[in-house]
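> Okay, handing you the structure first.
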Amino acid sequence: MYLSLNKDSVLTADQQDSTKAEIFEKIDQGNGKLSFKASTGKFVSDDRVKNNNLIANRGNVNEWELFEFISVDQTKINIKSSGGKFVSADQGKGNILIAKDRKSVV
């Protein structure tokens, strides 16, 4: 599945059609850290106040908006939040992206 933003700007892995998926700008923040900007102009955050949901609602980049790419192979990556957790889609909650309970890659 591809990513989309729901009405609350939460990232969800629920889009089957790549032409309808959200497009993010990947911005190098230095020291191996990246940020992501949605088409809305807002940055993606690992919002620790909102259950570590990934939400595109920030106007600028601070700690919660920093991520790392961990290469799996030439076509796959894992994304690690600044809180040290890996991003996953929570199938029990409509495939929202969270960075809460994955300490390692499964």
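> Could you list which residues have their amide H under 5 Å from that of SER82, counting only those 5 or more apart in sequence or on another chain, with H placed in the peptide plane?
Excluding prolines and chain starts, which carry no amide H, the hits are LEU66.
> Could you give the nm distance between label points at LYS50 and GLN29, where each point is 7 Å from its Cα heading toward the beta carbon?
Here the modelled spin labels are 1.7 nm apart.
> Using a 1.4 Å probe on the protein heavy atoms, what percent of the accessible area of the chain belongs to carbon and sulfur?
Answer for the chain: carbon and sulfur cover 46 percent of the accessible area.
> For the chain, give the magnitude of the charge dipole about the Cα centre (Cβ charges: +1 Lys/Arg, -1 Asp/Glu; no others), in debye to the nearest 20.
Charge dipole of the chain: 200 debye, to the nearest 20.
> May I ask for the net charge around THR12, where only other residues with Cβ less than 11 Å from the Cβ of THR12 are counted and Lys, Arg are +1 while Asp, Glu are -1?
Spelling it out: positives minus negatives among the neighbours equals -2.
> Please list, or write none, the lysines whose alpha carbon is within less than 29 Å of the alpha carbon of LYS20, excluding same-chain residues fewer than 8 places away.
LYS7, LYS33, LYS37, LYS42, LYS50, LYS76, LYS80, LYS85, LYS93, LYS100
> Over the chain, what is the mean sequence separation of C-alpha contacts under 8 Å (at least six apart), divided by residue count, expressed as relative contact order in percent?
21 percent
> Now for a different question. Based on Cα coordinates alone, diagonalise the gyration tensor for region 44-83, multiply each eigenvalue by 5, take square roots, and list the semi-axes in whole Å, largest first.
Semi-axes, largest first: 22, 10, 8 Å.
> Report the calculated FRET efficiency for ASP73 and MET1 (r = Cβ-Cβ distance, R0 = 25 Å), to the nearest 0.05.
Step by step, r from the Cβ atoms, then E = 0.80.
> Could you run the Karplus curve 6.51 cos²θ - 1.76 cosθ + 1.60 with θ = phi - 60° over region 59-76 and give me ³J(HN,Hα) per residue in whole Hz, x for Gly and Pro?
3J(HN,Hα) across region 59-76, in whole Hz: x, 8, 9, 10, 4, 5, 9, 9, 9, 10, 8, 10, 5, 9, 7, 5, 10, 10.
> Whole-Hz Karplus ³J(HN,Hα) for region 8-16, in order, using 6.51 cos²θ - 1.76 cosθ + 1.60 and θ = phi - 60°, x for Gly and Pro?
My calculation for region 8-16 gives 9, 6, 7, 6, 10, 9, 9, 9, 7 Hz in order.
> For the chain, what does the accessible surface come to per residue with a 1.4 Å probe? Please give it in Å².
62 Å²
> Still on this structure, please answer the following. With Kirkwood radius over Cα pairs in Å defined as stated, name the option among (i) 14.3; (ii) 16.3; (iii) 13.8 computed from the structure displayed.
Structure-derived value, by its label: (iii).
The values are calculated or read from the model by the stated rules, or taken from the named source; none is laboratory data. Predicted model only: the values in this text are computed from it and were never measured. Reconstructed Cβ throughout: ideal geometry from the backbone, glycine too, with neighbour counts over all protein chains shown. Ligands, DNA and RNA are excluded from the accessible area calculation, which covers all protein heavy atoms including side chains. Shrake-Rupley method; radii C 1.70, N 1.55, O 1.52, S 1.80 Å.
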